[in-house]
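One structure is given here, and the rest of the page talks about it.
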């Protein structure tokens, strides 16, 4: 099954977490749940989800501290959108959450339909920002999205449409593990008969053409990650 986006929920109360998980998974989002701030932040660093939803009153690390660490991070973490869910309804609490960098602040109790609408809106807005990117520059390479080309030291590399699509997706999601099924969405149907293991063939060819196998890391049993 191909999911729309991967969402991390950090919530220590099991019943609200179960209801949120049901709501979002029914909308075809993939949800992972952590129950404390420390493990929640570790998961953010490791998985780099597409969206974070978190409570404030968390064991281990307060929700505000999680938000602060994410938004003050110098890597790609600070660009991950974030929604706070909290019983704290005072104006000062809401203002603090938003000023720390949260994209939205929803007070409990809340409508799960409204939460779902906000999740969709934030992810759509974030995707639109990604689409505005015209090129990627890394090491001695330049990938130009509109021209479907990648150059190394000014010399164009002969990538297929599928290889270009896979590399572009990995660069957009740098540092985050993408499954083979997610990368299949970027394979051109004319290139090959499509099964998930075709991704391995495309990746092998891509590494050979790029000439640097360290840029794309294999995550055994899951998929691949771009390390630049």
Scanning segment 13-45 residue by residue, those assigned to a helix (DSSP H, G or I) and in contact (Cβ under 8 Å) with a residue 24 or more places away in the chain turn out to be 16, 19, 20, 23, 24, 37, 40, 41, 43, 44, 45
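Just wondering, is there one or more residues in segment 149-168 that are in the same structural domain as residue 213 (by TED's automatic domain parsing) and closer than 16 Å to residue 219 by Cβ?
Yes, the conditions are met somewhere in segment 149-168.
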* Asked: Within the bounds of segment 181-197, is there any residue that is assigned to a loop (DSSP other than H, G, I, E, B) and modelled with pLDDT of 80 or more?
  -> no
- prompt: In this structure, does residue 73 turn out to be touching a residue at least 24 places away in the same chain (Cβ under 8 Å), assigned by TED's automatic domain parsing to the domain that holds residue 126, outside any helix (DSSP H, G or I) and under 26 Å from residue 225 (Cβ atoms)?
  reply: no
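Matching residues to (1) assigned to a helix (DSSP H, G or I); (2) modelled with pLDDT under 85:
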| site | (1), (2) |
| --- | --- |
| 117 | yes, no |
| 137 | no, yes |
| 146 | no, yes |
| 150 | no, no |
| 159 | no, yes |
| 162 | yes, yes |
All conditions in (1) out of contact with any helix residue (DSSP H, G or I) (no Cβ under 7 Å at 6 or more places or on another chain); (2) at pLDDT 85 or above; (3) within 29 Å of residue 30 (Cβ to Cβ) are true of residue 169 except (1)
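Within segment 55-63, can one find any residue that is out of contact with any strand residue (DSSP E or B) (no Cβ under 8 Å at 6 or more places or on another chain), in a helix (DSSP H, G or I), over 13 Å from residue 9 (Cα atoms) and without any contact (Cβ under 8 Å) to a residue 60 or more places away in the chain? First the steps, then the outcome.
Kept after step one, since they are out of contact with any strand residue (DSSP E or B) (no Cβ under 8 Å at 6 or more places or on another chain), are these residues of segment 55-63: 59-62.
After this cut, where a residue has to be in a helix (DSSP H, G or I) as well, the list is none.
No; the residues of segment 55-63 include none that is out of contact with any strand residue (DSSP E or B) (no Cβ under 8 Å at 6 or more places or on another chain), in a helix (DSSP H, G or I), over 13 Å from residue 9 (Cα atoms) and without any contact (Cβ under 8 Å) to a residue 60 or more places away in the chain.
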The one condition residue 68 fails out of (1) within 29 Å of residue 222 (Cβ to Cβ); (2) in contact with a helix residue (DSSP H, G or I) (Cβ under 7 Å, 6 or more places away or on another chain) is (1)
Scanning segment 24-60 residue by residue, the ones that are surrounded by fewer than 20 Cβ atoms within 10 Å (Cβ to Cβ), over 17 Å from residue 107 (Cβ atoms) and in contact with a helix residue (DSSP H, G or I) (Cβ under 8 Å, 6 or more places away or on another chain) total 7
Filtering segment 76-102 down to residues that are in contact with a helix residue (DSSP H, G or I) (Cβ under 7 Å, 6 or more places away or on another chain), in a loop (DSSP other than H, G, I, E, B) and surrounded by fewer than 18 Cβ atoms within 10 Å (Cβ to Cβ) yields 101
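The values are calculated or read from the model by the stated rules, or taken from the named source; none is laboratory data. This is a predicted model, so every value here is computed, not measured. A quick note on method: Cβ atoms are made from the backbone with ideal geometry, for glycine too, and the neighbour counts reach across all protein chains shown.
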